[in-house]
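Take a look at the structure set out below.
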Amino acid sequence: MNKNFCILGTGRQGTAAAYDLLKFASINELLLLDISQESIDKCINKLNLISKGKSIKHSTVDLNNIEDLINKLSNSDIFLSSVPYKYNLLLTNVALKSKTSMVDLGGHTG
């Protein structure tokens, strides 16, 4: 069964995760969310080579606007967080409120 995935954070880790999902997962739709449209555009440019017609949607998002984030996750079965670890508690609460499974790439790389 194909799933709807969301990647939150389209930097290096998020782009690599999106690549792997498009290449190897049973995916229906991929949603890319980031605070920066420039980062989203760079990610999409890298993914176009392997997307093979799979639906890739995108939007900018402010993590402090919880209601907007919950609304944007409404069609996602699972989201992968590749944003700084300081958002983990906030995003865990968003996952619970939106009833969306969450995977965090985690870690404090500093």
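The values are calculated or read from the model by the stated rules, or taken from the named source; none is laboratory data. In this text the structure is predicted, and so the values were computed from the model without any measurement. Methodologically, a virtual Cβ is constructed for each residue, glycine included, from the backbone with ideal geometry; neighbour enumeration extends over all protein chains shown. Surface accessibility is based on the protein's heavy atoms, side chains included, excluding ligands, DNA and RNA. Shrake-Rupley method; radii C 1.70, N 1.55, O 1.52, S 1.80 Å.
Counting only protein heavy atoms and a 1.4 Å probe, region 19-110 has 61 square angstrom of accessible area per residue. Each residue, Ser74 and Tyr87, gets one label point 7 Å from its Cα in the Cβ direction; the gap between the two is 2.1 nm.
Accessible surface of the chain, 1.4 Å probe: 50 percent of it comes from carbon and sulfur atoms.
Give me the net charge of Val61's neighbourhood, meaning all other residues with Cβ under 13 Å from the Cβ of Val61; Lys, Arg count +1, Asp, Glu -1. Mind dumping the intermediate values first?
Numbers: positive: Lys57, Lys72; negative: Asp34, Asp62, Glu67, Asp68.
Its environment carries a net charge of -2.
For Asn2 and Asn64, the FRET efficiency from 1/(1 + (r/R0)^6), where r spans their Cβ atoms and R0 equals 25 Å, is about 0.20.
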